[in-house]
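The values are calculated or read from the model by the stated rules, or taken from the named source; none is laboratory data. Since the model is a prediction, treat every value here as computed from it, not as a measurement. Cβ coordinates were reconstructed from backbone atoms using ideal geometry, including for glycine residues, and neighbour counts include every protein chain displayed. These area figures cover heavy atoms from the full protein model, side chains too; ligands, DNA and RNA do not enter into them. Shrake-Rupley method; radii C 1.70, N 1.55, O 1.52, S 1.80 Å.
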Amino acid sequence: MIIMENSVINKSGRTDMKTVLLWSAVTAGLVLAVLSALKICTAACSESTKYDIFGIDFGWFGVVFFIISIVTLGLRNRGAWLSSCFSSLVFAGFGAELRFLWLQKFVIGRWCPLCLWIAVMVFVAAIVLVYEKFLVTRMSGGDMKSSLKFLVIMLVAIALGAMSAMVGVRKEAEAAGLNIYLGKQNSPTTVYFVSDWFCPGCRRLEPKIEKMYPALARQTRIAFIDYPIHPETSNYTPYNLQFLVYEKDKYIQLRRALSELSMKVKAPSNEQVQAAVAPYGVKLRQLNFMDVMNGVKQNESIYRGYGVNATPTVVVTNEKTKKRKLLVGDGEITSQAINAAISAVEK
């Protein structure tokens, strides 16, 4: 036998069983991930498919993972760093799968057959790598430095994989469904105010919005969407989102405070925002990073989905009739125009 760092190959040139197992595991994992991405699953998978990782569908995330794994597996004998990359991927996947299994057992309460088989494929690859390293170390007389390096890579990768899964795995309803809505929550009619904190027309419209808001809130669902035409608006979006989520009853007053602050500061600090909202008895309750990112995505999906390309814009839509009306510009957006649009979409 010829001993190599990455695999054991017969003198005849035939690939040994361990390499066959690795290729079989990652290839099968890719096929299963494709099936998962295409939602070809049994009823037992229904709850699992409601989860994603970093906003990406589990199946498609798995497809990318296994494609990269296949590429690095094919190249791993060309260099030690490529071998380390493949090992790191597998062990990170091992750590992530431990978290996924925990979710299925203790949170979802049922097992997803496809998910289980994907986990099995990752576990098989990890076990083969450990066994392969054991054989190489034994046949080479025990290279402690190499073994220690492999052990460190394995443990760090497993820990990173598990932590990434803990942070990134969210239920879609939680990840993409921040409740940013105000007013009559069960109304089929929604009024979206799409604006930019540094848009002159939007600023002129703010006092009008404040006056028309109470009447609109009694009859429709309302959302305030940030469209960052001016990049500085992104500095205010996290605060706008947290007030929409946590301070619904005081939102209009807090919005006024943010608007006034935006006229003085382009990139406010937490302390500056806290000082601006303190008169209303509000203490900042910051959203976590993933909630902010999902809120930004939610905003984007709304203004792009309704074809908004300028601020300020009001979108009035009704989920039953599937009708919508767009009002563009502070001159066109009036209480009378919005009420007329509400009547039009409800017919």
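Pairs are defined by a Cβ separation below 6 Å, a sequence spacing of at least 6 or placement on different chains, a first member in region 10-33 that is open to solvent by less than 30 Å² (accessible area, probe 1.4 Å) and of a type in the set (A, V, I, L, M, F, W, C), and a second member that is part of a loop (DSSP other than H, G, I, E, B) and at pLDDT below 95; no pair meets this definition. Quick check on region 326-340. Is at least one of its residues more than 21 Å from L205 (Cα to Cα) and surrounded by 12 or more Cβ atoms within 10 Å (Cβ to Cβ)? No, region 326-340 contains no residue that is more than 21 Å from L205 (Cα to Cα) and surrounded by 12 or more Cβ atoms within 10 Å (Cβ to Cβ).
The residues in region 317-337 that are over 14 Å from I209 (Cβ atoms) and in a strand (DSSP E or B) can be counted, and the count is 6. Scanning region 128-167 for residues that are of a type in the set (G, A, S) and at pLDDT below 85 returns S140, G141, G142, S146, S147.
Yes/no matrix, rows are residues, columns are (1) farther than 24 Å from V31 by Cα; (2) of a type in the set (S, T, N, Q); (3) surrounded by 15 or more Cβ atoms within 10 Å (Cβ to Cβ):
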residue	(1), (2), (3)
I68	no, no, no
G74	no, no, no
W81	yes, no, no
Q104	no, yes, yes
Y131	yes, no, no
K145	yes, no, no
L151	yes, no, no
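Residues in region 194-219 that are under 16 Å from L254 (Cα atoms) and among the polar types (S, T, N, Q): S195 only. Cβ separations smaller than 9 Å between residues 6+ apart or across chains give no pair from region 313-326 residues that are within 15 Å of F224 (Cα to Cα) to residues that are open to solvent by 100 Å² or more (accessible area, probe 1.4 Å) and part of a loop (DSSP other than H, G, I, E, B). Taken as a whole, the condition of being at pLDDT below 75, among the β-branched types (V, I, T) and either under 17 Å from F123 (Cα atoms) or open to solvent by less than 40 Å² (accessible area, probe 1.4 Å) (or both) does not apply to V90.
Which one of these is at pLDDT below 95, farther than 23 Å from T317 by Cβ and out of contact with any helix residue (DSSP H, G or I) (no Cβ under 6 Å at 6 or more places or on another chain): R170, R203?
Step by step, each of R170, R203 is checked, and only R170 is at pLDDT below 95, farther than 23 Å from T317 by Cβ and out of contact with any helix residue (DSSP H, G or I) (no Cβ under 6 Å at 6 or more places or on another chain).
Can you name the residue in region 50-88 that is part of a helix (DSSP H, G or I) and touching a residue at least 60 places away in the same chain (Cβ under 8 Å) and is also farthest from G161 (Cα to Cα) among such residues? Ranking the qualifying residues of region 50-88, first place goes to N77. Of note, A162 satisfies the criterion of being within 30 Å of V122 (Cα to Cα), surrounded by 18 or more Cβ atoms within 10 Å (Cβ to Cβ) and in contact (Cβ under 8 Å) with a residue 12 or more places away in the chain. Name the residues in region 291-314 that are outside any loop (DSSP other than H, G, I, E, B) and open to solvent by 30 Å² or more (accessible area, probe 1.4 Å), would you? Residues satisfying the conditions are M293, V296, K297, E300, S301, R304, G305.
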